[in-house]
Every structure is written in C-alpha cells, then in structure tokens.
C-alpha cells in the first residue's frame, strides 16, 4: 500500500483556516461578551421580544373578544350539537387551533430571526 510513516495533509484554499479575517470578529465579540457583542445580542433579544409581544397580542385580542361576543349574541335553542352549547364548541375547538397556529408561526419566525441574525453577524 503506502508508507505508513508518511503523513499527508489535505487542505482547500477556501476553508475557514485558510482565510481568517474580519469574518470571525463579530462572532468572537459575541462569545467574549465584548460591548459590541452585547449590542448584537441586545438587538436579537429586542427582535425576539417584539415578536413574542406581537404573537401574544394576536392571540389575546381574539380570545378576550370571544366571551364578549358570545355573551351578546343570542344562541338559538336548537343550536346544541352533541348536547353542548354553541359557545362551548366555539371555545373548545377554534381556540386550540388558534393557539397551535400562533405557536407554529412564532417558532417559524423566531428561527428566521435567528438565521437572519447569524447571517448578519457572519457578514459583518
């Protein structure tokens, strides 16, 4: 086969080790918790907080309005499918669907924010 004592090192000119430079400074700032790294992290945290508050408002407003609407709208006597009143069905089914959709949207957007942050940090 080959000489076992001979070692060969294979590198490519486009590897990170071959081209260190400005690209790693922002990542290093974040890891070392420098003032600039803190600015980056606060920006990400502000973005995630804004997203969380937006999703909470998007869920809370319809849920808060639902009892008010159900209390004002008269329910016909015949509207009792499966023995439960219409308000219970409205509170039971669509509310959970709203929560699941809001949670899925939040996770998707939060991950997109983190990806955008990562790309921004690696570019700067």
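The values are calculated or read from the model by the stated rules, or taken from the named source; none is laboratory data. All values reported here derive from a predicted model rather than from experimental measurement. Glycine gets a Cβ as well: all are built from the backbone with ideal geometry, and neighbour counts include every protein chain shown.
The helices (runs of 4 or more DSSP H) falling completely within region 12-124 that include 1 or more residues that are modelled with pLDDT of 85 or more map to 35-72, 86-123. Residues of region 40-59 that are free of Cβ contacts under 8 Å to residues at least 24 places away in the same chain and touching a helix residue (DSSP H, G or I) at 6+ places or on another chain (Cβ under 7 Å): 41 alone.
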